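Here's the structure, in structure tokens; my notes come after.
The values are calculated or read from the model by the stated rules, or taken from the named source; none is laboratory data. Predicted model, so just to flag it, every value in this text is computed and none were measured. Don't worry about glycine lacking a Cβ; one is built from the backbone with ideal geometry, like all the others, and counts go over all protein chains shown.
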Amino acid sequence: MSIFGDIMSAIFGRSASAAPSTSAPSASPAPQASPAPSGTMTRTEPAPVGPKVEWSEPVDVAAVLDALAKKNKQKLNWRTSIVDLMKLLDLDSSQTARKKLAEELHYSGDMKDSAKMNAWLHKQVMIKLAANGGKVPNDLKD
């Protein structure tokens, strides 16, 4: 899976963790997803990487991340830092991982300028989360 796919799964999957599972092993076709509580996904399979994902309601990205931040022992500023965002989601936040994410998201700037790349990455991740079913505050996309 892509690094962005891991980010999406970590956020959107946590949103769905409170929803009852609608998949059960059986010989019959997979059951239709039942209506899900507001803010949770109704998909029964992993979220695909690529085209937009359809969710019953937008996943409140800020609420999911704020809840994780409250439980985390470290004080992580996920709202401005791609490194802290990745740490909060228990993902590899190393420079190598961030360069791979930059390649995935088609960063065309100088990857040696990590501060500029990191700021671009954070903004692009928020924009892409919004494009894929996430409710992201405007100040995080600008």
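Taken together, the residues in segment 79-102 that are assigned to a loop (DSSP other than H, G, I, E, B), farther than 24 Å from A63 by Cα and of a type outside the set (S, T, Y) amount to 0. Every condition in (1) out of contact with any Gly (no Cβ under 9 Å at 6 or more places or on another chain); (2) modelled with pLDDT of 95 or more is met by M117 except one, and the failing one is (1). The set of residues from segment 104-123 being more than 16 Å from L140 (Cα to Cα), polar (S, T, N, Q) and either in contact with a Lys or Arg (Cβ under 9 Å, 6 or more places away or on another chain) or part of a helix (DSSP H, G or I) (or both) comprises just one member, S114. Just to verify a result, which residue in segment 71-116, among those that are within 15 Å of I7 (Cβ to Cβ) and in contact with a His (Cβ under 8 Å, 6 or more places away or on another chain), is surrounded by the fewest Cβ atoms within 10 Å (Cβ to Cβ)? Checked segment 71-116; the qualifying residue surrounded by the fewest Cβ atoms within 10 Å (Cβ to Cβ) is S81. Yes or no: segment 5-21 includes at least one residue that is part of a loop (DSSP other than H, G, I, E, B), out of contact with any strand residue (DSSP E or B) (no Cβ under 6 Å at 6 or more places or on another chain), of a type in the set (D, E, K, R) and at pLDDT below 95. No - not one qualifying residue is present in segment 5-21. Do the conditions hold for K135, that is, is it surrounded by fewer than 18 Cβ atoms within 10 Å (Cβ to Cβ), in contact with a strand residue (DSSP E or B) (Cβ under 7 Å, 6 or more places away or on another chain) and in contact (Cβ under 8 Å) with a residue 12 or more places away in the chain? So K135 fits the description; yes.
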